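The next block holds one structure in the form of structure tokens; read it before the comments.
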Amino acid sequence: MPIEIIRCLSDNYAFLIHDPAAGEVTLIDAPEAAPILDVLADRGWNLTRVYLTHHHWDHVDGLAAIVEATGAEVWGHAGDAERLPKLNHAFVPGDELPGGAQVLDAPGHTLGHIALYYPELSALFSADSLMTHGCGRLFEGTPDQMFDTVARFAALPEDTRVYSGHDYAAANLAFAANYAPDAEALAARQAELPILARTGAPTTGTTLESEKLLNPYLRCHLPQVAAAAGVAGADPRAVFAAIRSQKDNA
Ligand SMILES: [Zn+2]
């Protein structure tokens with residue numbers, strides 16, 4: 001099943017998952033209608049459903065026009081139904097969804113934030129929780145909540161690809177470079193990102209294995225990361241909170 005990565009707005013990503021056997025197409029988040037409808041028309045795909053990760057406007061703003069054009073059904077977190085656009089179906093963390101997605105609880109960025117994990121695709125759609133070389137801002141949750149969210153993802157298979165909701169890779173990598181990332185992985189990615197930027201290729205879809213070498217929020221248990229954060233000897237949760245706070249004030 002191919003995953004189509006679609007750039008929307010200034011730096012958002014939306015994702016289409018095409019299941020030719022079932023004749024179904026799933027959209028993850030709806031930042032903007034036009035680029036998504038263009039890809040659907042281009043491929044000749046009929047959109048079956050939309051899964052929403054969280055309530056922020058830049059993940060739902062295109063939804064009404066997409067639903068009107070396609071008749072797709074909308075799914076979102078039952079606990080956040082009042083803040084999300086009108087849902088046809090509500091899910092809760094732990095649910096298995098049509099198409100093979102597992103709903104993972106992912107609070108921190110917002111309290112009702114979820115991620116979608118597709119074991120058969122080795123794909124995690126993490127939106128604004130775990131991001132490429134970083135993690136989302138804590139608008140509603142606590143550092144502890146995001147720590148647990150990231151730890152939940154870290155336990156998934158290493159070859160899982162992480163698809164986040166924004167292209168913040170370059171800024172996140174520049175920040176991550178301050179926290180003792182693996183030197184070889186850092187150099188390789190620093191060389192690769194400008195090439196991706198020139199061609200417009202997506203920066204998301206890195207593996208968990210590579211994120212564990214680069215992403216400071218996945219490396220809070222390492223003494224060199226604690227030291228780089230200025231909290232040598234602190235426990236991983238405190239290291240996480242320190243790094244997140246330093247990013248907020250960077
Ligand atoms: Zn958001």
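Considering the range 10-19, the residues that are farther than 14 Å from L121 by Cα and either assigned to a helix (DSSP H, G or I) or out of contact with any helix residue (DSSP H, G or I) (no Cβ under 6 Å at 6 or more places or on another chain) (or both) include one that is most open to solvent (accessible area, probe 1.4 Å), namely S10. Filtering the range 200-230 to residues that are at pLDDT 95 or above and at positive phi leaves G205, G230. Restricting attention to the range 61-100, the residues that are open to solvent by 20 Å² or more (accessible area, probe 1.4 Å) and within 10 Å of A30 (Cβ to Cβ) total 5. For the range 187-237, the set of residues classified as among the β-branched types (V, I, T), crowded, with 16+ Cβ neighbours inside 10 Å and assigned to a helix (DSSP H, G or I) consists of V225 only. One residue stands out in the range 66-81 among those that are more than 16 Å from the ligand (Cβ to nearest atom) and assigned to a strand (DSSP E or B): the one that is farthest from M131 (Cα to Cα), namely E73.
Select from the range 32-60 the residues that are surrounded by 16 or more Cβ atoms within 10 Å (Cβ to Cβ), under 17 Å from H109 (Cβ atoms) and free of Cβ contacts under 8 Å to residues at least 40 places away in the same chain and list them in ascending order. Hits for the range 32-60 are L52, V60. Candidates in the range 101-158 are the residues that are charged (D, E, K, R) and over 23 Å from C8 (Cα atoms); of these, the one that is most open to solvent (accessible area, probe 1.4 Å) is E120.
Taken over the range 53-65, the criterion of being within 21 Å of the chain's Cα centre (by Cα) and away from the ligand (no atom under 16 Å from the Cβ) is satisfied by no residue.
The values are calculated or read from the model by the stated rules, or taken from the named source; none is laboratory data. Treat the numbers as computed from the prediction; the structure is a model and nothing was measured. Note: ideal-geometry Cβ built from the backbone for every residue, glycine included; neighbour counts use all protein chains shown. We work out accessible area using only protein heavy atoms, side chains counted, and drop any ligands, DNA or RNA first. Shrake-Rupley method; radii C 1.70, N 1.55, O 1.52, S 1.80 Å.
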